[in-house]
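The values are calculated or read from the model by the stated rules, or taken from the named source; none is laboratory data. Predicted model only: the values in this text are computed from it and were never measured. Cβ placement follows ideal geometry from the backbone for every residue including glycine, while neighbour counts extend to all protein chains displayed.
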Amino acid sequence: MLGSGMEILDSMGRAIRHINDYAAILLVDTRYACDSSKRSFPHPITKLPQWIKDCLVSSTNNYGEVHRLVHQFFKSKNTSCQ
């Protein structure tokens with residue numbers, strides 16, 4: 001994984017501590033988006049737990065799209081909690 005894989009997983013775990021917790025975790029690094037066929041080492045995503053991989057959203061170069069997706073995520077979570 002990038003840097004220390006455990007540090008990345010630890011930081012994700014700090015945002016999600018309970019089954020009812022939710023968080024938007026942005027992995028803003030080109031190494032997460034690169035085509036794995038062009039590298040000689042495993043893609044960092046392969047080291048993530050399956051429950052995180054199941055929730056990943058594909059990358060975008062457009063900040064407006066990122067903002068929209070994060071806003072949509074929190075709006076859906078806020079609605080379901082009321």
> Among the residues of region 18-42 satisfying the criterion of being part of a loop (DSSP other than H, G, I, E, B) and at pLDDT below 70, which is nearest to residue 75 (Cα to Cα)?
Replying inline: 34
> Going by the structure shown, is residue 15 at pLDDT 80 or above, under 11 Å from the mean Cα position of the chain (by Cα) and surrounded by 11 or more Cβ atoms within 10 Å (Cβ to Cβ)?
Replying inline: no
